[in-house]
Amino acid sequence: MNALVALCHFCELHGPRTLFCTEAVHPPSPSPPQPGPVIPGDRDREVDREGEGLTMRANSSATQRADMCEGCRSLPASHPGFVSVDSETGIRYLSHQHPRQQQLFSVVRQACVRSLSCEVCPGREGPIFFGDEQHGFVFSHTFFIKDSLARGFQRWYSIVVVAMDRIYLINSWPFLLRHLRLTIQSLQNTALKVFDSEQCVCPQRAVRMNSAFSPAVFPHQRSGNAARSLTSLTQHPNLWASLHSSFSWLLKACGSRLTEKLLEGAPTEDTLVLIERQTEQEEEMSGWDGAEGGGSNPQPSQSESVQAKDFQFDDGRQEDLLGPKFKSLRHLRQVLGASDFRQLAWHVLMGNQVIWRGADPGLIQSAFNVLKALLPVGCVRAVPYSPHYEEAYRCNFLGLSPDVPIPAHVSSSEFSMLVDVLNVERGCVNPVSDDDILSLYQFNISSANTQPTDKGPTLLNKIDVALSNENLSVEVVSLCLLCLKEEWMNKVKVLFKFSKVDGRGKEDTQKVLALLGATGPGEEDNVRLLKFWMTGLSKLYKSHLMTAVRGGERTLSQ
């Protein structure tokens with residue numbers, strides 16, 4: 001992340017001061033070779049000069065330290081600072097009291113002064129955003145630290161994140177707020193313990209009430225301890241090294257959570273839904289962290305948190321699953337058989353609840369992983385493994401432990417399907433490969449649905465043809481499935497616009513279905529699939545359509 005994190009302090013004697021600063025230094029880009037002889041040792045000397053940057057900066061700022069008190073100083077003048085190197089990217093994270101570059105020093109100095117003077121939120125504690133194009137944009141969080149010798153028994157600090165990218169910094173607000181609050185709470189809790197212990201030894205409130213008060217000599221009445229360092233307030237021996245680790249991780253994590261991706265054309269519905277879900281999840285987490293008041297904050301249930309985090313599996317998580325697992329839709333079809341797989345895929349496409357019950361959570365999770373590829377992201381609501389049954393409105397993929405009973409209204413419903421995963425008793429003790437799932441498990445599929453699944457929907461027929469074609473690799477089948485989903489999502493958009501937004505009648509809707517190729521054999525399944533997939537449309541798309549229709553109505557009325 002191209003940003004800088006700094007800890008600032010409002011000194012009672014010298015005003016706002018920067019205490020500690022962490023910046024990211026990117027490795028230099030390789031330059032083309034220059035003609036002429038190469039002098040040995042030049043590159044080594046350049047690297048040495050880069051490594052000496054912190055020490056040179058520390059020594060050159062000796063004149064600035066002359067007017068510093070104990071509360072304004074973090075590291076000694078001879079301290080070289082802290083350096084951490086990211087082995088993956090080569091980025092170095094450097095920490096010292098001030099930035100290395102003079103331009104950054106001025107930017108951080110201005111951010112420090114504004115964060116501890118004019119740019120504060122109500123109550124003087126909390127986050128705020130300010131800045132401009134010239135001096136950079138700042139995310140600032142002010143807070144108090146308890147001190148038995150300070151005015152009001154507390155000192156004022158702030159942590160600022162300075163960056164030139166306003167949009168990136170605003171989008172990182174929930175992440176920065178959540179993790180900076182953890183650092184701030186750790187500092188406050190540690191200082192509070194020191195404050196309580198000092199008050200037990202010598203209560204300062206009674207001492208001040210019994211002594212004559214004079215503003216001119218107020219600092220000297222505290223035995224010259226008007227300015228105490230943060231290390232003294234927290235009694236943390238490795239405070240600055242700990243802050244360096246925290247700030248370095250914050251810069252690295254904040255830089256890797258948001259990445260730029262080149263999109264050819266408009267974003268797909270899956271992309272929009274993923275963005276919306278990530279935004280909602282971050283808002284919920286920041287809402288729980290920022291909730292105030294005497295009442296208890298509502299915490300999400302276990303199934304809700306699992307559902308929120310598990311809306312999509314990636315390849316990395318699939319590889320992390322231990323034990324036997326399904327690798328692809330074709331692999332699942334080979335294990336279950338063509339007939340049982342078609343019945344299972346039919347229930348998935350229709351939006352029915354698919355329940356897997358067994359003792360191996362990794363196997364069940366891998367089955368959901370490959371089955372989710374049949375649906376748009378917005379139609380997936382999964383609880384990978386639960387100790388109790390969850391209703392169909394909460395999830396359409398549900399994993400259960402083997403001892404969980406299925407309610408009678410579910411087992412008798414035609415809108416659900418149960419797959420029991422049973423362990424196979426083996427008489428021999430020869431080791432079995434994890435790929436040979438049939439030698440380890442037996443799969444019993446049951447459903448109250450009596451409707452034949454051999455006619456449709458049309459999408460399922462095309463998927464079945466692609467999976468049964470052994471000449472197509474797994475990668476080609478995945479791309480084919482992606483194209484088929486995009487094709488049917490476009491049909492869903494047309495039907496949604498025609499029936500839900502425009503409010504056309506049944507006869508006109510039937511003509512649109514014929515135009516979309518959804519009539520004929522399997523028409524009932526096609527219509528049911530289209531209606532279920534409407535629930536997977538993004539909120540942004542629906543809002544855009546409604547806004548466009550209302551705008552057109554206003555134009556016609558005028």
(request) Just name one of L515, T547, L537: the one whose Cα is farthest towards the positive end of the charge dipole of the range 474-552 (beta-carbon charges, Lys/Arg +1, Asp/Glu -1). (result) T547
(request) For the range 474-552, with all protein chains present and a 1.4 Å probe, just round the carbon and sulfur fraction of the accessible area to a whole percent. (result) 61 percent
(message) Within the range 465-504, name every residue whose backbone N is under 14 Å away from a label modeled 7 Å from Cα of T519 along the Cβ vector.
(response) none
(message) Just to confirm a number: summing +1 for Lys and Arg and -1 for Asp and Glu over residues other than V194 whose beta-carbon lies under 11 angstrom from that of V194, what do you get?
(response) 0
(message) If you filter the range 111-153 for GluC sites (Glu not before Pro), then keep DSSP loop positions with at most 12 other Cβ within 10 Å, what is left?
(response) E133
(request) For S386, enumerate residues with amide H under 5 Å from its amide H, sequence gap 5+ or separate chain, H modeled in the peptide plane. (result) G399, L400, S401
(request) For each pair in K372/K455; K462/K542; K325/K491, compute the distance between the two Cα atoms and list the pairs where it is over 25 Å. (result) K462/K542; K325/K491
(message) I want the local charge near F341. Using Cβ-Cβ distances under 10 Å, sum +1 for each Lys or Arg and -1 for each Asp or Glu among the other residues.
(response) +1
(request) Mind checking the per residue accessible area of the range 474-552 for me, 1.4 Å probe, whole number of Å²? (result) 55 Å²
(request) Hand me the GluC sites (Glu not before Pro) from the range 353-432 located in a DSSP loop with no more than 14 other Cβ atoms within 10 Å, in residue order please. (result) E391, E414, E425
(request) May I ask you to derive the relative contact order of the range 474-552, considering only C-alpha pairs under 8 Å and at least 6 residues apart, and to give it as an integer percent? (result) 36 percent
(request) Using DSSP to define loop residues, name the trypsin sites (Lys or Arg not before Pro) in the range 83-180 whose beta-carbon has at most 16 other beta-carbon atoms within 10 Å. (result) R124
(request) Under 1.5 on a/c is rounded, so check that first for the range 474-552, then, if it is not, pick prolate when a/b is larger than b/c and oblate when it is not; a ≥ b ≥ c are the square roots of the alpha carbon gyration tensor eigenvalues. (result) oblate
(request) For F130 and S411, calculate 0.36 nm times their separation in residues minus their Cα-Cα distance, and state this gained length in nm to one decimal. (result) 95.4 nm
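The values are calculated or read from the model by the stated rules, or taken from the named source; none is laboratory data. Fair warning: this is a prediction, and the values are worked out from it, not measured in the lab. Note that each Cβ is placed from the backbone with ideal geometry, even for glycine, and that neighbours are counted across all protein chains shown. Side chains are part of the model used for accessible areas, which takes the heavy atoms of the whole protein and leaves out ligands, DNA and RNA. Shrake-Rupley method; radii C 1.70, N 1.55, O 1.52, S 1.80 Å.
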